[in-house]
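The values are calculated or read from the model by the stated rules, or taken from the named source; none is laboratory data. On a predicted model such as this, the values are computed, not experimentally measured, just so you know. As a convention, Cβ positions derive from the backbone with ideal geometry for all residues, glycine included, and neighbour counts pool all protein chains shown.
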Amino acid sequence: MEMLTIGAFSKACRLSPKALRLYDELELLRPARVDPETGYRYYAPGQLEQARLVAWLRRLGMPLAEIREVRALGPQAAAREIRAFWSRVEAETASRRDLAAFLVDHLTRSTPSRETTMLELRYAALSDTGLVRPVNQDTAYAGTRVLAVADGFGSGGAPASVAAVEALKFLDDEPLPAGSVLNLLEDAVQGATAAVREVAGPTDGIGTTLTAMVWTGSQLALVHIGDSRAYLLRDGELFRITHDHTMVQSLLDEGRLTPEEATAHPQRALLLKALPSEGPGTAPDLRLHDARAGDRYLLCSDGLSAVVPEATVTELLSSAPEPAEAARTLITAANDCGGPDNVSCVVADVVGAGPAEGAS
């Protein structure tokens with residue numbers, strides 16, 4: 001069989017000889033033959049496709065350890081792993097993009113002009129047991145600065161959701177600067193985790209989701225863990241701004257399920273993350289959102305999102321003039337769909353409060 005020298009192979013696959021030697025040492029791409037006397041490496045033409053795959057995956061930024069695993073898979077399984085890797089990259093990039101946007105805004109924002117319009121929230125919270133469950137394990141709260149929905153589970157689910165939300169309420173008391181609100185919110189969630197753990201005690205299977213937003217006067221800081229959701233209605237279009245921490249969502253991200261299959265999956269409620277969070281990789285998502293006058297935010301438990309289509313949610317949110325009416329109509333819609341679960345909604349409108357103090 002004709003062999004290629006390392007130099008010829010390097011030119012053909014566009015990996016440098018140095019990279020090829022490294023990949024040999026890491027057992028990522030072994031040469032077909034090594035001269036026992038000179039140690040010179042030779043490659044088979046059939047290895048070019050493997051080398052090109054390695055080069056492409058490196059250009060994607062995939063770590064070498066993951067590349068080794070992908071190379072050992074068949075084409076379909078490898079494609080799924082690459083899709084899952086890229087979904088993680090996009091999620092991480094989105095988080096960094098939000099942080100970068102905040103930093104740029106924070107560092108370049110000039111002193112507000114005399115014509116700056118101040119913003120404020122108008123809000124309502126409503127929770128309902130639904131038509132099937134014997135008790136309500138949801139907690140919904142809306143205050144001056146804190147908006148929160150928690151969906152408890154297990155034998156102590158109700159006190160767990162209450163404990164999580166109560167641990168955030170102190171943030172309602174004082175104005176919060178945008179520059180430190182994420183740190184404050186992260187500390188508050190640690191308090192919520194401890195509170196839920198205390199309620200749960202040694203009993204397994206007790207916990208809660210938590211989706212909450214904290215208002216700074218111009219931005220909303222979001223914390224999210226579990227499968228409760230946050231949506232933004234802006235200019236008539238509904239955007240989901242949270243990512244479900246569920247087994248089904250992970251299968252969707254990896255391309256192993258279609259959206260249609262996900263709706264009927266028997267484990268669609270199986271959570272991958274919730275409070276109390278334990279170990280690496282279980283921390284809540286934290287993000288900062290710039291607010292605009294006219295925005296309407298919805299926080300809800302899966303008692304709404306799992307049964308009411310997003311098109312209906314958009315229509316009801318768009319047509320209700322006040323947050324309280326919007327919350328009522330959404331819960332009614334969930335119960336009209338059978339009300340199989342507790343359902344909670346927090347609706348908050350961002351509105352102009354008039355000219356800033358001192359405006360002429």
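Every residue, every condition in (1) of a type outside the set (Gly, Ala, Ser); (2) under 22 Å from Ala262 (Cα atoms), yes or no:
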| residue | (1), (2) |
| --- | --- |
| Ala283 | no, no |
| Asp290 | yes, no |
| Gly294 | no, no |
| Tyr297 | yes, no |
| Cys300 | yes, yes |
| Leu304 | yes, yes |
| Glu315 | yes, no |
| Pro321 | yes, no |
| Asn335 | yes, yes |
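Could you please let me know if Arg59 is in contact (Cβ under 8 Å) with a residue 40 or more places away in the chain and of a type in the set (D, E, K, R)? No; evaluated as a whole, the condition is false for this residue. The set of residues in the range 171-189 being modelled with pLDDT of 85 or more and of a type in the set (S, T, N, Q) consists of Asn183 alone. Could you tell me whether Thr314 is touching a residue at least 12 places away in the same chain (Cβ under 8 Å), closer than 28 Å to Gly130 by Cα and surrounded by fewer than 19 Cβ atoms within 10 Å (Cβ to Cβ)? Yes; evaluated as a whole, the condition is true for this residue.
For the criterion of being in contact with a helix residue (DSSP H, G or I) (Cβ under 8 Å, 6 or more places away or on another chain), at pLDDT 85 or above and farther than 22 Å from Pro17 by Cβ, Glu81 passes. Of all residues in the range 142-154, none that is outside the structural domain of Thr216 (by TED's automatic domain parsing) has its Cβ atom under 7 Å from the Cβ atom of a residue that is of a type in the set (D, E, K, R) and in a loop (DSSP other than H, G, I, E, B), 6 or more apart or on another chain. Within the range 311-329, the only residue that satisfies the criterion of being part of a helix (DSSP H, G or I), out of contact with any strand residue (DSSP E or B) (no Cβ under 7 Å at 6 or more places or on another chain) and under 12 Å from Ala124 (Cα atoms) is Glu325.
Checked against the criterion of being crowded, with 18+ Cβ neighbours inside 10 Å, farther than 23 Å from Ala320 by Cα and among the small types (Gly, Ala, Ser), the candidates Ser250, Ser218, Ser228, Ser277 yield just one match: Ser277.
Looking only at the range 342-359, filter to residues that are at pLDDT 90 or above and of a type in the set (A, V, I, L, M, F, W, C); which one of those is surrounded by the most Cβ atoms within 10 Å (Cβ to Cβ)? Applying the filter and picking the extreme gives Val343. Looking at the range 233-310, the helices (runs of 4 or more DSSP H) lying wholly inside it that each contain 2 or more residues that are touching a residue at least 12 places away in the same chain (Cβ under 8 Å) sit at 247-253, 302-305.
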